[in-house]
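A short worksheet on the structure shown next.
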Amino acid sequence: MNSEFFRKVRSRFPARSRAVLTSCVYGLTAGLAAVFFQLGIGWLYNQGIARFAGKPLFYFATGTFLVITATSFLGGWLMQTFGKDAAGSGIPQHKLAFWKDFGFVRWRVAVLKFVAGILSVGGGASLGREGPSVQIGGALASNVAGLAGEAKQSRRAAAAAGAAAGLAAAFNAPLAATTFVLEEIIGDLNSRLLGPVLLASVLGALVVHGVIGPQPSFRLKVSDAPTWFGFVMTPLVAGIAALVGVYFQRFSLNLRMRMKAHPEIPIWLTPALGGWITWILGVSIYWHTGHLGIFSLGYDDLSSALAGDIGWQLAALLLVGKFMATFCCYGFGGCGGIFSPTLFFGCMVGTAISSLLSLEWHVSPGDSLTLAVVGMSACLGAVVWAPVTGILIVFEMTQKFSLVPALMLGALVSQTVARRMNHQNFYDEVLEQDGHRIEHVRPPRDLQSWEQLPVSAIANFSPVVATDLGEKAVMAMLSAHPYHQFPVVQAGKLAGILLREDASKALKEKTGMPMHPASVCLRDASIGRLQQLLIESDTQFVVILDRDGGTVVGLVTLHDLLRAQAEMAQKSKEEI
C-alpha cells in the first residue's frame, strides 16, 4: 500500500467530501498517536520511578537515579544523532513549520519526538506531554496529507488539524485544543481552517474516550459553587499565579540561552543535567513528604490538591521544587512541554493561598477548589498568552461550569500581569532565541500588483549582521542563528556576504573568512526588481539598504520570495 493508492482513493470523492474525509483521517491518526504517547509515558513511569516508591530510601534514591540518568542520556543521544529540534515542547517548532514551510513536517520529527518524549517525561523529567503531542499529531497529519497527494506547500490544514487532535487527546479537551491552535499556531480565531481543526479535535477526543475512557483529566470531590469570598480572592490568586508563570518563562529561557552560548557542551549530556537536578529535588521532597510530584507530570499530587488533601506547607514545597526542576529540565534541553508544569504551579499557588486564608477565615470547599483552578488557568495563560485556551482547558479538565466566571476574571488579571512584564509569550521567545521571525505575508491577488509591491512587503527587517569576523564571534553567531547567509558590515559599510558553509570550513581549517559580493536594493524597490536581483545573485540573497551606499536595514532571500508567492497562489486557489 503506497501513496499512489491513497491518492486514487481520495480522488474518488467530491471536493467537499474529500476535505471532510481527510480531516477525519488527520484527527484519528493524531489522536491515536497522542494516546499511545500517553500510554508509553505512563508505562515507563510506572515501571521506573513509581515502582521504587514505597521502598527504603536507599533503594528509592538509587533506583530513581539510574532510571532518570539512563533515560536522559538515551534521549539526549537521540536528539544529538537525529535532530536537536526534538528538545523542548515542540509547539514553537510546529508553529514555525506551519508558517514558513506551509505545514510540511518530516516523518523523522514525529518518530523522534515520540521516542524522546516518552524517555524524557516517562523517565521522570519534570516536563509535560501536551506540547510533544501537538508536534507529533501535526507531523503525522502533515505526512498523511503527503500520502494523499497534497503538495508540500498545501499542508497547513493538515498540520493544524493534527496538532489540535493531538492536544485534544492529551487533555481530553477538544474545545481548548481548537482554540489553542487557532490562538497560538494560526493566530486567528476566525481562520478558514476552523472546520478541519474542530473536526479533528473532536475525533482526537473520541479516540481517548474509546481507548482510555470518557472521564475528565481530574476527578473532583467538591460540587459546591464558589461564594463571594472565592470571587474576591480570585484576583489575588490569579496575580500571584501569573507572576509565577512570568518568572518561570524568564528563568527557563535565560538558562536555555546560556546553554546555546556554549555549543561545546554535547547535546547528549545536557538533558541529564536537568534530570539530576530533578532527582535531587524529587528525592529530597519524597523523603520528607512521601510525595512524587516533582517527577514527571505530577498529576497525582495535582489531583490531591484539587481534592483538598494538601495543606499550604506541602503546596508551597511542591511549588518551589517543581518550579526549579522544570525550568532546569527545559533550559537544559529536555524533551517535553510546559502545559502540565504550569498547571501544577498554578494549582499549588491557589491551594497554598486558600489554605493560608482558612487559618483566619472560613473558606468553603467550593472556594478552595475555585482558587486552585483559577491559579491553574492564570499560570498557563500567563506563559502561553492564550486566555481563551486557559479558561476552556481547565473547564474541560474539571467539567465544572460553575468555575467559569472566576476563570474569566482570573484570565483578565493574568493577561494584564503577563503582558506588562514579558514582551512576548513563551513560544515566540523560543523562536526568537533560535533566530526565527515569523512574517504573515498578505499578498495581492494579481501578478502585476504583486510585482509592483515594494520589497518592504516581504523583507526581514531584523537582519543578523556579522561585524566581527574573529573566530569566537563567528562561532557564536553560527551557533545562535540557523541562517545560511550573513551580511558582513565593516567600518559601517556593507562589505559582502558570508555563507555558513564557508564560515564553518574556514573555522575548521583556521583560514580567513571568504566573502561573496552582495546584491543590494533600497526598501522601496519593487518586487519585480527584486526578482531580477535574486536571479543574478550568486548567493540568492539581497541586502536592503536605507539609501545608496548606506546602512543595512533588512534582507530578502529566495526562500522569502518563493514562500510569499506560494502564499499568493494558495489564496487565489481558495478564492476560486
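The values are calculated or read from the model by the stated rules, or taken from the named source; none is laboratory data. In this text, all values refer to a predicted model and were calculated from it rather than measured experimentally. A quick note on method: Cβ atoms are made from the backbone with ideal geometry, for glycine too, and the neighbour counts reach across all protein chains shown.
Beta carbons closer than 7 Å, at least 6 apart along the sequence or on distinct chains, pair a first residue in region 506-521 that is in contact (Cβ under 8 Å) with a residue 24 or more places away in the chain and closer than 12 Å to Asp538 by Cβ with a second that is of a type in the set (A, V, I, L, M, F, W, C) and not in a strand (DSSP E or B) for Ser519/Leu533. The residues in region 549-563 that are at pLDDT 85 or above and out of contact with any Asp or Glu (no Cβ under 7 Å at 6 or more places or on another chain) can be counted, and the count is 7. Listed by first and then second residue, the pairs with beta-carbon distance under 7 Å, at least 6 apart or on different chains, first residue in region 412-436 and under 11 Å from Gln249 (Cα atoms), second of a type in the set (Asp, Glu) and surrounded by 17 or more Cβ atoms within 10 Å (Cβ to Cβ), are Tyr427/Glu184.
Checked against the criterion of being over 17 Å from Ala141 (Cα atoms) and not in a helix (DSSP H, G or I), the candidates Gly54, Gly76, Gly42 yield just one match: Gly54. Of all residues in region 103-136, those that are β-branched (Val, Ile, Thr), assigned to a helix (DSSP H, G or I) and touching a helix residue (DSSP H, G or I) at 6+ places or on another chain (Cβ under 6 Å) total 5.
When the residues of region 302-317 are filtered to those that are over 24 Å from the mean Cα position of the chain (by Cα), touching a residue at least 24 places away in the same chain (Cβ under 8 Å) and in a helix (DSSP H, G or I), the one that is nearest to Ile280 (Cα to Cα) is Leu317. Considering only residues in region 259-287 that are without any contact (Cβ under 8 Å) to a residue 12 or more places away in the chain and farther than 17 Å from Thr62 by Cβ, the one that is surrounded by the fewest Cβ atoms within 10 Å (Cβ to Cβ) turns out to be Glu264. For region 58-73, the candidate set comprises residues that are hydroxyl-bearing (Ser, Thr, Tyr) and touching a residue at least 24 places away in the same chain (Cβ under 8 Å); within that set, the residue that is surrounded by the most Cβ atoms within 10 Å (Cβ to Cβ) is Ser72. The numbered conditions (1) in a helix (DSSP H, G or I); (2) touching a residue at least 60 places away in the same chain (Cβ under 8 Å) are all true for Gln93 except (2). Candidates Val134, Val115: the one that is under 24 Å from Gly334 (Cβ atoms), surrounded by 24 or more Cβ atoms within 10 Å (Cβ to Cβ) and in the same structural domain as Thr81 (by TED's automatic domain parsing) is Val134. Residues of region 514-538 that are in contact with a helix residue (DSSP H, G or I) (Cβ under 9 Å, 6 or more places away or on another chain) and under 15 Å from Leu494 (Cα atoms): Pro514, Met515, His516, Ser519, Val520, Cys521, Leu522.
Look at Ala466 and say whether it is at pLDDT 85 or above, in contact with a strand residue (DSSP E or B) (Cβ under 8 Å, 6 or more places away or on another chain) and either on the phi > 0 side of the Ramachandran plot or surrounded by fewer than 13 Cβ atoms within 10 Å (Cβ to Cβ) (or both). No. Screening region 532-555 for residues that are surrounded by 16 or more Cβ atoms within 10 Å (Cβ to Cβ) and either part of a helix (DSSP H, G or I) or among the acidic types (Asp, Glu) (or both) and picking the one that is nearest to the chain's Cα centre (by Cα) gives Leu534.
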